[in-house]
Structure formats: structure tokens, C-alpha cells
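Since the structure comes first, as C-alpha cells, the remarks are kept for the end.
Coordinate-derived values only; no laboratory data. Every value quoted in this text rests on a predicted model; they were computed, and no experiment measured them. Glycine gets a Cβ as well: all are built from the backbone with ideal geometry, and neighbour counts include every protein chain shown.
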Amino acid sequence: MVTHTGQHSSMRLCLSTDTFLPEVNGVTTVLAQMRDGLRERGHEVMVLAPAYGTLLPDESGVHRLAAVPAPGYPQVRLSWPWGRGLGSVLNGFAPQLLHVITEGPLGLFGRRYARRHGVPLVSSFHTDFPRYAAHYLGRFAVAPTRAYLRWFHNAASVTQTPSELTRDELIAAGIPRAMVWGRGVDTASFRPQRRSEERRAAMGVSGDRALVLHVGRLAVEKDVDTLVAAFVLARQRLGDQAVFCVAGDGPRAAWVRSALPWTRHLGFLDRSALADLYADADLFVIPSRTETCGLVALEALASGVPVIGSDKGGVRENLRQGITGMIVPAGSAAGFAEAIEQLVLDGEQRGAMHEAARAFAVGRDWARELEQLESVYLRLCATSSAVVAPRIWPTTTSVR
């Protein structure tokens with residue numbers, strides 16, 4: 001039953017995820033914004049999440065499960081939720097709606113609980129797992145991965161994904177209730193006013209020199225090969241007219257550092273330091289073609305930084321060619337290098353893009369996203385009509 005407090009309906013909401021703070025990535029950033037925004041609107045929110053390191057007493061509203069690093073990718077944590085304990089926790093909370101954020105063990109648990117208890121179910125599609133499967137396992141793994149995702153998400157009344165491109169791909173793959181949601185950005189934290197000439201000078205950026213930045217997980221699926229090759233070519237052309245910087249970590253971090261010894265490598269940064277770094281930059285480069293949104297690109301735009309991005313994936317939906325940044329053919333190191341060179345040498349064009357980038361990001365402020373999310377939740381709780389899919393594991397023949 002949905003109760004009312006003031007002008008809003010108060011709901012008990014459970015968010016089930018296989019990744020959460022203190023791990024920082026696009027999914028955890030969106031999830032933290034969801035949790036905090038829904039609480040501010042008067043809703044009770046429980047988060048089911050893996051523990052990182054020692055299993056400590058939980059923070060308010062977060063139920064942690066012991067987890068181990070995934071083989072070959074220790075940044076990903078795997079929990080074992082099957083058993084009576086977690087079900088009792090959820091029974092005590094009595095959620096009126098369950099939102100599964102990821103498709104791993106905790107997401108599977110949330111999906112099963114919602115179906116068994118007749119609780120409305122919402123799912124999220126943040127990660128392009130079929131393309132990841134192709135990178136790590138080979139093309140043979142793509143069809144089974146798509147079949148699993150179709151089975152997983154078709155139990156939900158709504159599947160939310162942050163780009164129109166990904167939504168259309170999900171619908172074509174047999175997930176018809178996909179909708180665009182989750183492409184907001186925190187424009188209060190990420191803003192041009194954080195820029196510091198003192199910090200820039202400490203990085204060697206002075207006079208007419210430009211700071212060229214990349215932020216992200218350093219992994220094969222993020223096209224780090226293209227990033228490295230583009231930075232090498234751009235430096236050959238620009239010499240000391242640009243300073244290059246990479247912030248992030250991941251399976252290929254050591255290789256990136258060795259391939260770009262003249263680049264400033266900052267590793268993992270907390271949100272405040274990251275917001276400062278964006279504001280200090282002059283250009284942001286993101287070659288990845290597997291993004292469903294590319295939150296880092298939105299954060300750069302909110303900081304007034306033009307973005308050079310790939311023409312594949314969700315990043316391109318946040319770019320306006322020649323206005324907020326530049327769009328380059330995916331995988332073209334030469335194309336990225338040429339775009340970097342053009343914008344480093346044309347300070348006037350960068351200045352115009354600076355204004356347009358910030359204006360675009362303000363239109364993607366989180367307040368609008370949260371209002372839409374709350375509306376979807378309220379509608380589903382009011383009808384209490386979760387979609388029930390057949391309990392049959394899918395074949396791969398009907399999924400393209």
C-alpha cells in the first residue's frame with residue numbers, strides 16, 4: 001500500500017545491485033544519486049549490495065553481503081545471496097517495488113524475490129554485456145549473453161537504459177518495455193567555477209598550453225588501444241603545446257602507463273578531486289564505443305569541457321558536432337588525434353564549446369531524471385501489476 005506524506009506518495013523501495021560505493025563507476029554514481037534523491041523525496045530506500053574488504057556494520061539503509069573479487073577482474077565483486085537470511089531481511093522491509101540495477105547474483109536474487117512475492121519489478125541496463133562478452137570470451141559468447149539478458153529483463157515491467165540508441169537495441173533484441181532513463185548529471189558538483197590556475201600550473205599547464213584529459217576504467221572494452229595511439233599521435237603533432245592526463249584504473253592500467261610515460265597518470269580519484277580535474281581541463285577524450293551513456297562525458301560537459309567522442313555507443317547522444325565537442329569514427333586513432341590537434345590549436349573554438357557544453361549539461365540536471373523515476377515507481381506501486389514472464393530459460397536462436 002502506498003502511503004501519502006505531504007504532496008508526495010511515500011514508498012518502500014529496494015534497489016538490488018552487484019556494484020556500489022565505495023567502488024566508483026557510472027553505475028554506482030547513478031545509483032547513489034537515485035538513493036539520495038528518493039530519500040530526499042520522503043521514500044524509504046533499502047540497497048542490497050556487496051561488501052568491499054572487511055564486512056563491517058552497514059551504513060543506514062544498505063544491507064551488505066560478503067563478496068569475493070571476480071576472477072580476472074578484481075574490481076568486480078561477487079556475492080552469494082542464496083539462502084534464508086537475505087529473504088528474511090527483505091520480508092522485514094516489505095518492499096513495495098524492487099529495482100534490480102545489475103544482472104549479477106544480487107540482481108538475480110532481487111528478480112526472483114519480486115516474482116515470487118508479486119512485487120512490481122523495474123530493471124536497469126547500464127552495461128553492454130554482449131560487446132563485453134565479445135571482447136573477453138569471443139564472438140561465440142554474444143548470443144548466449146543476449147539470450148540471458150532477454151530472459152532477465154523481460155520479467156520487469158520497465159527496463160531503464162540511459163540512451164535512445166541502447167533502448168532501440170534492447171527493443172530489437174526482444175526486450176520491448178525498454179525506456180530511456182538515467183542520463184542526468186550533477187551540475188552542482190561538476191561546474192566550470194572549480195577551475196584553478198594554481199592547480200593547472202602545478203601540472204605544467206600555463207600560458208597557451210591545453211590540458212587534454214581522459215577519465216575512465218582502463219580496460220580493453222573501453223578502447224584504450226585507440227586512446228593510447230591517439231595520444232601518441234597528438235603529442236607528436238603538438239609537442240609541448242598540450243599536457244596529457246589520464247585518471248582511472250583497471251586491468252590495462254599498467255600497460256597504459258608504460259605506453260604513455262610522458263602523460264600524467266592520476267589513478268583513481270574521489271568525486272571532489274575528479275570534479276576539480278574536469279574543471280581544470282581544456283579537452284576531454286573518450287574513444288569507447290561500448291558506453292550506454294558515458295557519464296564521464298556528461299560530467300566533463302557540465303564542467304564546461306568540450307568532449308571528443310566515438311560515433312558508436314551512447315556518448316554521441318550527448319555531443320553536438322562542432323558545438324559541444326567533436327564526433328570521431330570509432331577506433332580511428334588518427335581521427336581522435338586530428339580532433340585533439342584542432343581544438344588545442346583553436347582556443348576561440350574551445351571557448352565557444354565551453355559555453356555550449358555547460359548549457360547542454362544543465363538541461364540534463366538530475367532533478368528532472370528523479371522526477372521521472374519517481375513517477376514510474378508511483379504508477380507501478382499504484383497498480384501493483386508486475387509483469388510475469390514464463391519460467392523457461394531462453395534459446396539463443398531468436399535473439400539477433
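For Gln342 and Arg116, FRET efficiency with R0 = 60 Å and r from the beta-carbon atoms, rounded to 0.05? Don't skip to the end; give the middle numbers.
On the way: r = 57 Å, r/R0 = 0.95.
That gives a FRET efficiency of 0.60.
Ranked by Cβ crowding within 10 angstrom, fewest neighbours first, how are Ile340, Ile327 ordered?
Final ranking by Cβ density, sparse to dense: Ile327, Ile340.
Considering the chain as a Gaussian network with a 10 Å cut-off on Cα pairs, which listed residue, Thr383, Thr292, Thr187, attains the greatest mean-square fluctuation?
Result for the chain, Cα springs under 10 Å: Thr383 fluctuates most.
Which entry in (1) 125; (2) 168; (3) 142 is this structure's computed volume of the Cα convex hull per residue in Å³?
After the calculation, the listed value that fits is (3).
Set the Förster distance to 22 Å, then compute FRET efficiency between Ala254 and Ala70 from the Cβ-Cβ distance, nearest 0.05.
0.75
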